[in-house]
Amino acid sequence: MFIMNKNIFQTNLNIEEEIAEDETSDLKLSETQILENSNPVKILCIERDGAVGKTLTGILQSNGYTVTLADSAWDAFEKILDHNFDIIISDSDIPGTSCQAMIRYCKKHHPMQEIIIISQKPQIAEAVQVIKDGAFDYLSVPFDEKCLLEKIKAAHQEQINNLVKTVTYSVDEEASSRFINPLPGYEMVKKLGNGSSGVILLVNKGSQKFALKMLRHDLHGNQSGKAQIERFLREAEILSQIDHPNVVKIYESGISANGSIPYILMEYINGSNLTWWIKNRSISVRKKVKILLKICNALHAIHQRGILHRDIKPGNIMLRNDLTVKLTDFGIARIIDSSQPLTLEVIGSPAYMAPESFIDSHHTDHRSEIFSLGILAYEFFTGIKPFTGSNLEEMIQSIKNEKPDEPTKMIPDLPVEIQFLIGKMLCKKPDDRFQSVDEIIYALESLLKRNPAGTSHQSKSLISLLLGKTPVKYWS
């Protein structure tokens with residue numbers, strides 16, 4: 001079996017790695033275990049061959065892994081947007097994109113994910129390239145089951161090691177490299193999740209639970225990173241002043257005592273994100289309208305403070321079992337009209353972004369978030385995303401140029417007023433959309449009053465109200 005591991009490119013780093021291991025060897029076992037998620041390891045398998053995918057899934061599930069299967073680039077992209085995977089096992093031949101492009105995307109947006117590439121036609125040149133791009137390993141098909149499981153175990157351990165490095169290394173070289181708790185008065189319980197900016201832990205103080213977000217230490221390494229941290233902490237301070245029942249509460253933010261780790265102490269939400277609810281729970285139309293109204297109330301509250309969230313999507317909306325709504329994850333929020341320079345890089349989750357967002361950040365404002373809200377609402381009421389494509393570029397072109405199917409064609413009992421509401425949010429031109437979230441709030445409240453049953457019902461006066469001052473019909 002052909003195997004290419006990224007360690008072969010690290011010959012010159014062996015001594016440094018051994019030193020690093022020695023330096024972190026005094027970590028308390030319980031502290032390391034905090035970063036070892038007690039939940040099953042989540043694996044995304046990207047495999048176009050149904051038989052190979054079925055075999056992979058069977059092997060992994062029988063060994064305790066949680067497995068999700070994708071058969072194309074777009075299918076994988078959607079699942080990566082909706083879920084937080086620990087490991088990706090991908091066919092080297094992915095319909096819709098190259099495995100190198102997939103690796104680069106994942107490493108940029110989800111740097112803690114480890115990726116194993118499998119190939120039915122292994123080539124040394126391809127193996128070298130994917131390892132250089134950031135893949136953990138490269139295996140040939142057919143693969144030995146024992147070998148595959150060992151590679152997955154090693155990849156997961158690599159992820160844990162990287163998480164440990166993320167929250168242990170200090171800017172001060174003479175400082176201890178032990179696990180740093182920026183809030184010593186709080187007991188760390190377990191890891192809740194990790195992403196491109198760091199790790200989130202569940203912490204206790206007495207009987208109260210909190211979520212502690214620890215940002216990556218390496219953001220201190222350059223001027224751009226320092227500016228990001230300063231801006232993020234300033235925005236966290238502003239958000240901490242927002243006391244709204246539908247916005248996650250931020251209690252404290254700052255830099256750890258040794259000056260190495262930016263952190264944010266937040267309200268802990270014991271629930272699931274809206275993505276999970278869309279896929280796993282049946283909710284009445286009336287309750288969906290009420291949930292959407294609460295999301296709008298949260299957006300209105302932050303917009304009033306001059307803040308753009310910039311990543312409105314189901315994954316950032318948390319729901320408790322009692323349907324309490326919380327808007328979360330302000331990691332890339334920015335102040336409206338901030339004097340801070342903005343990057344031309346696309347910021348946010350592309351599948352939920354407005355057409356103008358793909359030009360540059362200067363073209364976005366609160367109406368861009370209304371478009372994102374429209375995508376969220378479309379998916380919430382229909383169960384599918386409105387804009388698709390076989391790859392990222394096609395999906396962006398779909399957002400810019402295409403109209404999705406009318407929701408009432410898929411859900412005949414959906415009140416047509418909701419279709420008009422969603423359509424107005426999805427207008428390509430910002431001037432044709434609702435001009436503020438409070439207009440949407442007024443429309444939703446009116447809908448609940450005039451159509452309390454939440455059944456299919458058409459009211460010309462209400463539709464006229466929903467269209468507002470800019471009577472543009474998205475769907476004729």
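Where a number appears in this text, it was derived from the coordinates with a stated rule and is not lab data. All of these numbers come straight from a predicted model, not from anything done at the bench. FYI the Cβ positions are ideal-geometry reconstructions off the backbone, even for glycines, and counts take in every protein chain you see.
Residue pairs exceeding 25 angstrom between C-alpha atoms, taken from 107/213; 290/400; 107/151; 79/429; 151/191: 290/400; 79/429. The gain in end-to-end length when the residue 59 to residue 226 segment is fully stretched comes to 55.7 nm, 0.36 nm per residue minus the alpha carbon separation.
Which value, in debye to the nearest 20, gives the size of the charge dipole of the range 374-432 about its Cα centre, when Lys and Arg are +1 and Asp and Glu are -1 at the Cβ?
About 100 debye.
Each of residue 284 and residue 244 was given a label point 7 Å from its Cα along the Cα-to-Cβ line. The distance between the two points is 2.7 nm.
State which entries of 108/249; 153/288; 209/449; 153/249 exceed 30 angstrom in Cα-Cα distance in the structure shown.
Result: 153/288; 209/449; 153/249 exceed 30 Å.
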